[in-house]
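See structure below.
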Amino acid sequence: MIKQFGVMIPSRTVAFALCIALCTVICQPLLAGAAEKRDKAALKVTSAPGFAARSVQGAPISSDKLRGKAYIVNFFGSWCPVCRKELPDMVALQEKYEKKGFTFIGMAYKDNAQSLPDFIWEHSINYPVVVADQTIVTAFGRQISGGLRAVPALFAVNSEGKLLSVVVGAQSKAAFEELILNTLASGKKK
């Protein structure tokens, strides 16, 4: 028991509160609404990082296979409350825009590969999920000052393979949809 403001608080309550605070700091390093956004002019390179891996669902996935398709690479953690909160919006938007040439690619960051199939099933994730290895983390991390150190973080790529946006921090459904529409429209411009 810990005495705080004249009230006895169980130690487990304090430990739980500290755990939640730590997760919040790790998952959401920036204040809500002040996510780090960088447009294409501020990016270090205009081409999206290349990658190749096998999805948790078993299919090979790569930037080469995605050529001609707009996509958002979303680094997340199954352990991250903020990331979990975004999932229903991402699933709904994947369903809405998949036939229009868009997909999300989930990149599980510092996650337990053995528990991901159950996590994908429990959350009805309808897009490919990859366990991000150090090569993938490094490739995408080069686009963020200081590297990829927190989730969620997303990378919006148009159908021509150009990196349009890098956003660190939680997104609303409307913000995701705006990014999707921008990636789809950008790839169609000639």
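Read the figures in this text as sums done on the coordinates, not as results from a lab. If you're wondering where the values come from, they're calculated on a predicted model, not measured in any experiment. Reconstructed Cβ throughout: ideal geometry from the backbone, glycine too, with neighbour counts over all protein chains shown.
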To make sure I understand, if each residue's beta carbon is the centre and we count other beta carbons within 10 Å, what order do Leu93, Leu181, Leu148 fall in, fewest to most?
Leu181, Leu93, Leu148
For segment 103-178: relative contact order, % (alpha-carbon pairs under 8 angstrom, 6 or more apart):
22 percent
At R0 = 25 Å, FRET efficiency that the Cβ-Cβ distance of Ser172 and Trp121 yields, to 0.05:
0.50
List every residue whose amide H lies under 5 Å from the amide H of Val131, counting only residues 5 or more places away in sequence or on a different chain, with H placed 1.01 Å from N in the peptide plane.
Val56, Ala108
Under the Karplus relation 6.51 cos²θ - 1.76 cosθ + 1.60, θ = phi - 60°, what is the ordered set of whole-Hz ³J(HN,Hα) values for segment 158-174, x standing for Gly and Pro?
7, 5, 8, x, 8, 7, 9, 8, 10, 10, 10, x, 5, 10, 7, 4, 5
Other-chain or far-sequence residues with amide H under 5 Å of Ile105's (modelled H)
Ile72, Val73, Asn74
Need one number: nm distance between label points at Thr46 and Lys85, each 7 Å from Cα along Cα→Cβ, rounded to one decimal.
3.7 nm
Footprinting exposure proxy for Glu95, Glu86 (fewest neighbouring C-beta atoms within 10 Å first):
Glu95, Glu86
Cα-derived Rg to Rh of segment 29-188, Kirkwood definition
0.91
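Would you list Tyr127, Tyr97 from fewest to most Cβ contacts within 10 Å? Please report the intermediate quantities before stating the final value.
Values: Tyr127 22, Tyr97 19.
Neighbour counts put them in this order, fewest first: Tyr97, Tyr127.
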Check: C-alpha center segment 114-166 vs C-alpha center segment 54-74, spacing in Å is 10 Å
So who's got an amide H within less than 5 Å of the one on Ala153, skipping anything under 5 residues away but keeping other chains? H placed 1.01 Å off N, in plane.
Phe75, Gly169
